[in-house]
Amino acid sequence: MDSGFRLHLSNYAGQASPECPVGVGAGKALMRFFLPANLFKLTDKNRNYSKRKSAMKIRSIISSILSAVLLAALLIILFSCVEKNIPQTDELVGAWKGKVQFKTGTYAEIKDFEFMYVFNSGGTMTESSNYDGVPPTPPAYGIWKKMGKKEYESHYEFYWNKVPASYEELAKTGGFPNAGYGVLSEKIILSDDGKSYSSTIKFNLFDQTGKQTVFNEEGTVEAKKLEF
């Protein structure tokens, strides 16, 4: 390379250094001299495209983060509402076995009367006794509610059946025909530990027409909660 061309390059791009006689700027000059001019224009466009692409990527990341935050907040609110709607289990809920002693009426003569109860969450219940087979009688179904701390009331009903007067009548009817329904109600006091309760009980009986035939026979119940 002659001294004139070196001087030309030095004037274009700055003084040459001992380490690089033609200078850094001279290298750029050579590239611009030998390579097409539109290549540098494409490079500028690529820079702008890269900037736009980076900006789009940042916006996409921010959008994803915001979506995740909103989804998490929505799930927290949803689960909070679900927890609030779940009814708390009451101490009365469960299976119970009670000894019943009526003080007035026909049942007062029975000394080994026992009831089995199931109090369900939501306020429904079922009951059956060790005398449901005399005559065969279906279980009682009813409702219960909390009246105060450790205080409850229950109301349940059952169908009662008539005992046929003779074997011929039994054969004719094919079983024990329905004669009406009974209504039982209790006022319950739960123990401090929730494992037993005492109650007063009333019994009323109605025939198939709805006419009352037994009035407010009273008794007491001592019940224990069934546990493993």
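The values are calculated or read from the model by the stated rules, or taken from the named source; none is laboratory data. Note that the structure is a prediction, hence the values are computed from the model and not measured. As a convention, Cβ positions derive from the backbone with ideal geometry for all residues, glycine included, and neighbour counts pool all protein chains shown.
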Give the range 114-154 a look and list any residue that's without any contact (Cβ under 8 Å) to a residue 12 or more places away in the chain and within 17 Å of residue 182 (Cα to Cα), or say none. 132, 133, 134
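Table: residues versus (1) surrounded by 12 or more Cβ atoms within 10 Å (Cβ to Cβ); (2) closer than 20 Å to residue 111 by Cα; (3) at pLDDT 95 or above.
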{"position": "136", "(1), (2), (3)": "no, yes, no"}
{"position": "146", "(1), (2), (3)": "yes, no, yes"}
{"position": "178", "(1), (2), (3)": "yes, no, no"}
{"position": "197", "(1), (2), (3)": "yes, yes, yes"}
{"position": "210", "(1), (2), (3)": "no, no, no"}
{"position": "228", "(1), (2), (3)": "no, no, no"}
Of the residues that sit in the range 69-107 and are of a type in the set (A, V, I, L, M) and modelled with pLDDT of 95 or more, which one is nearest to the chain's Cα centre (by Cα)? 93
When you check residue 164 against the structure, is it farther than 28 Å from residue 194 by Cα, in the same structural domain as residue 203 (by TED's automatic domain parsing), touching a helix residue (DSSP H, G or I) at 6+ places or on another chain (Cβ under 6 Å) and surrounded by 14 or more Cβ atoms within 10 Å (Cβ to Cβ), yes or no? yes
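For (1) in contact with a Gly (Cβ under 8 Å, 6 or more places away or on another chain); (2) hydroxyl-bearing (Ser, Thr, Tyr); (3) within 17 Å of residue 221 (Cα to Cα); (4) in a strand (DSSP E or B), each residue gets a yes or a no:
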{"residue": "145", "(1), (2), (3), (4)": "yes, no, no, yes"}
{"residue": "155", "(1), (2), (3), (4)": "yes, no, yes, yes"}
{"residue": "158", "(1), (2), (3), (4)": "yes, no, no, yes"}
{"residue": "165", "(1), (2), (3), (4)": "no, no, no, no"}
{"residue": "175", "(1), (2), (3), (4)": "no, no, no, no"}
Only one of 169, 153, 186 is surrounded by 12 or more Cβ atoms within 10 Å (Cβ to Cβ), among the acidic types (Asp, Glu) and more than 21 Å from residue 100 (Cα to Cα). Can you tell me which? 169
For the subset of the range 185-204 comprising residues that are free of Cβ contacts under 8 Å to residues at least 24 places away in the same chain and assigned to a strand (DSSP E or B), which member is nearest to residue 226 (Cα to Cα)? 200
Unmet requirement for residue 157, which otherwise passes all of (1) without any contact (Cβ under 8 Å) to a residue 24 or more places away in the chain; (2) acidic (Asp, Glu); (3) under 18 Å from residue 132 (Cα atoms): (1)
